[in-house]
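Written out below as structure tokens is the structure these notes cover.
The values are calculated or read from the model by the stated rules, or taken from the named source; none is laboratory data. No experiment lies behind these values; they were computed from the predicted model shown. Note: ideal-geometry Cβ built from the backbone for every residue, glycine included; neighbour counts use all protein chains shown. To get the accessible areas, we keep the full protein, side chains included, count just its heavy atoms, and leave off ligands, DNA and RNA. Shrake-Rupley method; radii C 1.70, N 1.55, O 1.52, S 1.80 Å.
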Amino acid sequence: QVQLVESGGGLVQAGGSLRLSCAASGSTFIIDSAGWYRQAPGKQRELVASISSGGTTTYTDSVKGRFTISRDSAKNTVYLQMNSLKPEDTARYYCNAVDRASVLSFWGQGTQVTVSS
């Protein structure tokens, strides 16, 4: 059974940092490409950052220069380093990853990030 497990969320003061992790498990699941999304109360889920199978990264404008998406293929894990956090970054963050073999995408359960002012 495929699982994506996010971790690393929490409460942090504005200006602080957090690193989110998205670990994939399952006998044959290998992350091909992945993205971090976030959803704040009353708002739509938005794509924050993505990384392709070749390592190309994209970011939504509001996080450029502050967030960095990366991957560790050996650990089958994707990370989101978040620096200079702002209260408006407060949301539940979700990982979405595409399995290399099946090209199916999977969602994790999310991890809450709260930034206090």
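Can you list the lysines whose alpha carbon is less than 21 Å from that of residue 64, not counting same-chain residues fewer than 8 positions off?
In chain and number order, the partners are 43, 86.
Along the Cα→Cβ direction, 7 angstrom out, place labels at residue 81 and residue 116. What is the inter-label distance in nm?
Calculated label separation equals 2.6 nm.
With the alpha-carbon atoms as the only input, what is the per residue convex hull volume for the range 19-117 in Å³?
97 Å³
In whole Å, what is the distance between the alpha-carbon centres of the range 15-50 and the range 83-117?
Result: 3 Å between the Cα centres.
Got a sec? Which residues in the range 65-106 would a label at residue 13 touch, if it sits 7 Å along Cα→Cβ and we count backbone N under 16 Å?
84-87
What accessible area per residue comes out for the range 1-100, rounded to a whole number of Å², with a 1.4 Å probe?
Spelled out: the 1.4 Å probe surface of the range 1-100, per residue, equals 51 Å².
Can you run phi through the Karplus equation (6.51, -1.76, 1.60; θ = phi - 60°) for the range 19-28 and list ³J(HN,Hα) in whole Hz, with x for Gly and Pro?
10, 8, 10, 10, 9, 9, 9, x, 4, 10
Filter the trypsin sites (Lys or Arg not before Pro) in the range 25-70 down to the DSSP loop ones having no more than 13 other Cβ atoms within 10 Å, then list what survives.
43, 64
Leaving out ligands, DNA and RNA, what percent of the accessible area of the chain is carbon and sulfur, probe 1.4 Å?
48 percent
Report the label-to-label distance for residue 70 and residue 25 in nanometres (one decimal), using points 7 Å from each Cα along the Cα→Cβ vector.
My value for the distance between the label points is 2.4 nm.
Take every Cα pair under 8 Å in the chain that's 6+ residues apart, average their separations, divide by the length, and report that relative contact order as a whole percent.
Relative CO of the chain lands at 36 percent.
Residue-wise, which Karplus ³J(HN,Hα) couplings in Hz belong to the range 70-86, taking 6.51 cos²θ - 1.76 cosθ + 1.60, θ = phi - 60°, and x for glycine or proline?
8, 9, 10, 5, 5, 9, 6, 9, 10, 10, 9, 8, 10, 10, 6, 5, 10
May I have the convex hull volume per residue, in Å³, for the Cα set of the range 28-82?
Given the Cα convex hull of the range 28-82, per-residue volume reads 96 Å³.
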